[in-house]
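For reference, the structure is listed below as structure tokens.
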Amino acid sequence: MKNNIVDLQNKLQALLLSQHDNFTQGKVADYIPALGNVKPELAGICVATIDGKTVGVGDYQRPFSIQSISKVFGLVMAMNRLGDSLWQRVKMEPSGQPFNSIIQLEWEKGIPRNPVINAGALLVSDVLTSHFSASKLAFLSFVRKLANNETIHVDKQVYQSELSHGNRNAALAYLMKSFGNIEAEIPELLSHYFTQCAVAMSCQQLAQSLLFLANKGVDPLSKNIICSPKDAHRVNAILSTSGMYDQSGEFAFSVGLPAKSGVGGGLIAIVPNYGVICTWSPPLNSFGNSVVGMNLVAGIAEELGLSIYH
Ligand code: GLU
């Protein structure tokens, strides 16, 4: 067991070192100004396994803005609360459009293509805002419980920055409301969405908190049932087809794992029956995915033969 851990750590270290020249290949997101202040050369990777091992290298214990990775937690909460009726309000198809596109939503009468593009995550935020008396607190409690860490917090600076630059998200939400697909008042819904995006977590916390998706809905560490096996399967299916924005097909083609990235530079990949890989490196490619993060996940998935399509 110990040798396995040392071996994995060495592999991760070698992979991280191999990325040394790639930090300049992407661009740190600055459309949310507070995200633009992060140093581009910060990077970490962590692997947590369902049998309780956690191995990380680089900045894997340093919290960063989880951004769209929060959509995974929100989706699980909404599925648990609403059951199958959720799927009448949001679909499960790849969008083939940028994550914050508005065009498709008009054509498709305010029904988002899937819950991990912004329109879909705003719809999920509506469910949470309308079904929890204090949805932001409920969200924070959920991730704190999953990560077994009460210090996880919302980065107020990122929240404020996103709130004052969130016109496109507001437009998506108002458009859906005009079609009758949103219940809550839009400012309340946006406040929830920006709060969950502004949660700061480390690679280690993210990897450990998402282990239930690699373990048929059961947190392998606490043994708590987080969602049904069917819903764990559904989330993984959506992450496989849509989690990497409009690069999801290429990621499935070359890596073969359910994954979700965020514009803060984070990337989580679920390896069913094995564990979770989480990487962080802020510079993004033109699709909004972390350049180094994708290379790291691709590298370790190949070395360990983790693709779900094998
Ligand atoms: N808060 C970000 C936004 O709404 C999330 C986007 C992302 O990480 O993909 O633009």
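The values are calculated or read from the model by the stated rules, or taken from the named source; none is laboratory data. Treat the numbers as computed from the prediction; the structure is a model and nothing was measured. Neighbour counts are summed over all protein chains in view; Cβ atoms, including those assigned to glycine, are modelled from backbone coordinates with ideal geometry.
Structure summary
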{"quantity": "Only listed residue being touching a residue at least 24 places away in the same chain (Cβ under 8 Å), of a type in the set (Lys, Arg) and within 16 Å of the ligand (Cβ to nearest atom), chosen from LYS71, LYS53, LYS39", "calculated": "LYS71"}
{"quantity": "Candidates LEU190, LEU175 - the one that is within 14 Å of the ligand (Cβ to nearest atom) and buried (at least 16 other Cβ atoms within 10 Å of the Cβ)", "calculated": "LEU190"}
{"quantity": "Of all residues making up the range 56-68, the number that are part of a strand (DSSP E or B) and away from the ligand (no atom under 16 Å from the Cβ)", "calculated": "3"}
{"quantity": "Qualifying residues in the range 110-165 (those that are within 20 Å of PHE64 (Cα to Cα) and acidic (Asp, Glu)) - the one surrounded by the most Cβ atoms within 10 Å (Cβ to Cβ)", "calculated": "GLU162"}
{"quantity": "Filtered residues of the range 251-270 (kept if polar (S, T, N, Q) and under 15 Å from the mean Cα position of the chain (by Cα))", "calculated": "SER261"}
{"quantity": "Checklist (1) within 16 Å of the ligand (Cβ to nearest atom); (2) among the aliphatic types (A, V, I, L, M); (3) outside any helix (DSSP H, G or I) applied to ILE45, failing item", "calculated": "(1)"}
{"quantity": "Filter result (out of contact with any strand residue (DSSP E or B) (no Cβ under 6 Å at 6 or more places or on another chain) and among the hydrophobic types (A, V, I, L, M, F, W, C)) within the range 153-169", "calculated": "LEU163"}
{"quantity": "In the range 141-167, residue nearest to the chain's Cα centre (by Cα) [restricted to those that are within 16 Å of the ligand (Cβ to nearest atom) and among the aliphatic types (A, V, I, L, M)]", "calculated": "VAL143"}
{"quantity": "Selection from the range 218-245 of residues that are farther than 18 Å from SER70 by Cα and either touching a helix residue (DSSP H, G or I) at 6+ places or on another chain (Cβ under 9 Å) or crowded, with 18+ Cβ neighbours inside 10 Å (or both)", "calculated": "VAL218, PRO220, LEU221, SER222, ASN224, ILE225, SER228"}
{"quantity": "Candidate set: the range 90-106, residues that are modelled with pLDDT of 95 or more and crowded, with 22+ Cβ neighbours inside 10 Å; chosen: the one nearest to the ligand (Cβ to nearest atom)", "calculated": "LEU105"}
